[in-house]
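The values are calculated or read from the model by the stated rules, or taken from the named source; none is laboratory data. As the structure is a computational prediction, the values presented were derived from the model and not from experiment. Cβ sites come from the backbone with ideal geometry, for glycine too, and all protein chains shown count toward neighbours. Each accessible area value is taken on the protein alone, full model and side chains, heavy atoms only, with ligands, DNA and RNA left out. Shrake-Rupley method; radii C 1.70, N 1.55, O 1.52, S 1.80 Å.
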Amino acid sequence: MPLITETELRKQIKSRSFAPVYVLYGSEQMYVREYTKKLTAAVVGKTPSEFSFHTFSGEVDIDTLAAAAETVPFMSEYNCVLVTDLFFDELSKDDADKLKAVFKRVIEGTVLILSMPSYVPKRNAAVFESIQKRAQKDGAVVKFEKPDQRTLEKHIAKWANERGKFITQNTASQLIRVCGDDLNRLKNEMDKLCAYTKGEDIPYEAVELLVAQNTEARIFSLADAVLTGRGDEAFRLLDMLFSQREAPQMMLYVLCNAFTDAYRIRVADESGVDLKTVAGDFDYKKRSFALEKARRATRQLSTESLRKCLTLLTETDTKMKSVSVNERLLLEQLTAQLLLTAQEGKK
C-alpha cells in the first residue's frame, strides 16, 4: 500500500480496515497528532488494555519494539504498537535496517503506528526516507501538508461556531495573515478571541488588538507595506524587526519573493495567462493566494517599475552576500529606493 491521502486514512479508520504498518508525519503537526489519536482509538479503543497497547517514544530499543510487534492480540481484536517521535537523527544504520525488518515481521492482528507529531527529521533525512519507502511496501504512509488558505478559514469558522461565535471570512483571513498557517497557534488564538470578545461576532479589530504577530507575519507585513507604498509603516516594521534581531537575509528573501510574485502575475496578465496556470507552472501549490495578493497590491504600479524594483533587490542581495556591509543600512536604503521607485512608477 503506497503513500495514501488523509481521506483514504479516514476511510480505513471508519471501516476498521487497517494496514499492518502506518507512518504518519508532515509539516502540519496538529493533523499528525489528531489522526494518530483517531487511528489508535479505532484499533484498540479509547481505554485499551495494557496487554494490547504498547507505546514507545524517543530513543527506542528496536529489539524490544520488534517483540511488541510480534505479540499476538490478547483480550482484544488487535494489538497496537505506537511509536511517537522516534529519534531518527540519532538512529544508526543498523537500527534503521532492524526497524525496516520489523515492518516485514508484523504479525496478523497487530498494527504498528510510527507517528511524528513534533518534528520531521532533517539531519538524518535519508534514513527517514528509506524507512518511509519500506513502510509503503509493508503498510501505508500519510504525509500531512499545511492546509491551503480556504481550509484554514474553514477551521477557524468551525472553532468559532463551537464556541457560539461567528467570524467573517475577511476577519479569518486577517487572523491567518497575523498568525501564519500553523493550526496549533491559530486554534490557541481563536480560543483567546472567543474568550475576550463580547457578543456573537468576532470583530476584525479584535485581531489587531488581541493577537500578537509572529515573526514571519511581521516580515510579510514589511513586504506588503513596501509593495503598497506605505513608507512610514515599512520603516516602523523594519525598525521593529531589527530590534528583535531578525536575520536581514530573511527580510530580503521575503521582499524578493513578494516582488517576484507581483512581476510573475503582471507578466502573466499582460500575456493572457490565467493565475491557475502561473501557480502550476511555478509550483505555488497552496500559495496561489500570494499571486492574487501581489496583483492587488501593485495594481497601480507600472511593469517597468516592477522591473526596476527587482533589479534593486538583486543588487542588494549580491552586496549582502559578497562584501562586508552594514546590513541594516543596506536594507534601509533598499526600502527607500523601492518606495521611491514605486511612487515614481505609478500608472
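Derived value for the range 181-290: Kirkwood hydrodynamic radius 16.4 Å. Basis is the mean of 1/r over every pair of different alpha-carbon atoms.
Just the number, please: Stokes-Einstein D of the range 116-192 in µm²/s, Kirkwood Rh from C-alpha pairs, 10 °C, 1.306 mPa s. Please report the intermediate quantities before stating the final value.
On the way: Rh = 14.8 Å.
It diffuses with D of about 108 µm²/s by this estimate.
Normalised by the residues of the range 223-335, what does the relative contact order come to in percent, with Cα pairs under 8 Å and at least six apart?
Normalised by residue count, the contact order of the range 223-335 is 34 percent.
Projecting the Cα positions of Tyr284, Thr47, Leu112 onto the charge dipole of the chain (unit charges on Cβ atoms of Lys, Arg, Asp and Glu, taken about the Cα centre) puts Tyr284 furthest along the positive direction. Projected onto their three principal axes, the Cα atoms of the range 1-136 cover extents of 39, 31, 24 Å, largest first. Backbone amide hydrogens, once placed in the peptide plane, bring Ser27 within less than 5 Å of Phe144, Lys146, excluding anything fewer than 5 places away on its chain. When the solvent-accessible area of the chain is split by element, carbon and sulfur atoms take up 51 percent of it, the probe being 1.4 Å. The convex hull defined by the C-alpha atoms of the range 35-83 has an orientation-averaged projected area of 3.4 nm². According to the Kirkwood relation over distinct C-alpha pairs, the hydrodynamic radius of the range 258-347 is 14.1 Å. Taking amide H positions as modeled 1.01 Å from N, with prolines and chain starts lacking one, the residues under 5 Å from Ile113 and 5 or more places away or on another chain are Tyr22, Val81, Leu82, Val83. Within the same chain, aspartates and glutamates fewer than 8 places from Lys187 are excluded, and of the rest, those with a Cα less than 15 Å from its Cα are Glu28, Glu34, Glu153, Glu162.
Please go through the residue pairs Lys104/Lys285; Lys100/Lys192; Lys98/Lys158; Lys122/Lys319 and name each one whose alpha carbons sit more than 32 Å apart in this structure. Walk me through the numbers on the way to the answer.
Values: Lys104/Lys285 35 Å; Lys100/Lys192 44 Å; Lys98/Lys158 43 Å; Lys122/Lys319 30 Å.
Beyond 32 Å between Cα atoms: Lys104/Lys285; Lys100/Lys192; Lys98/Lys158.
Across the chain, counting alpha-carbon atoms alone, Rg and Dmax equal 24.8, 77 Å.
Averaged per residue, what accessible surface does the chain expose to a 1.4 Å probe, in Å²? Heavy-atom SASA per residue in the chain reads 53 Å². Fully extending the segment from Asn161 to Lys346, taken as 0.36 nm per residue of separation minus the present Cα-Cα distance, adds 62.3 nm. Grouping the Cα pair distances of the range 305-347 into 5 Å bins from zero gives a pair-distance distribution of 5, 25, 30, 21, 12, 6, 2, 0 percent in increasing distance order.
Extent of the range 103-255 along its three principal axes (Cα atoms, max minus min coordinate, largest first): 64, 43, 22 Å. In sequence order, the range 47-63 has phi-based couplings of 10, x, 6, 5, 7, 10, 9, 10, 10, 9, 7, x, 7, 10, 7, 5, 5 Hz under the Karplus curve 6.51 cos²θ - 1.76 cosθ + 1.60, θ = phi - 60°, and Gly or Pro positions carry x. Compactness check for the range 245-307: Cα Rg over 2.2 N^0.38 Å is 1.17. Using a Gaussian network model of the chain whose springs link C-alpha atoms within less than 10 Å, name the residue from Gly229, Gly26, Gly164 with the highest mean-square fluctuation. It is Gly164.
Over the range 271-318, the Kirkwood radius and the radius of gyration, each from Cα atoms, give a ratio Rg/Rh of 1.03.
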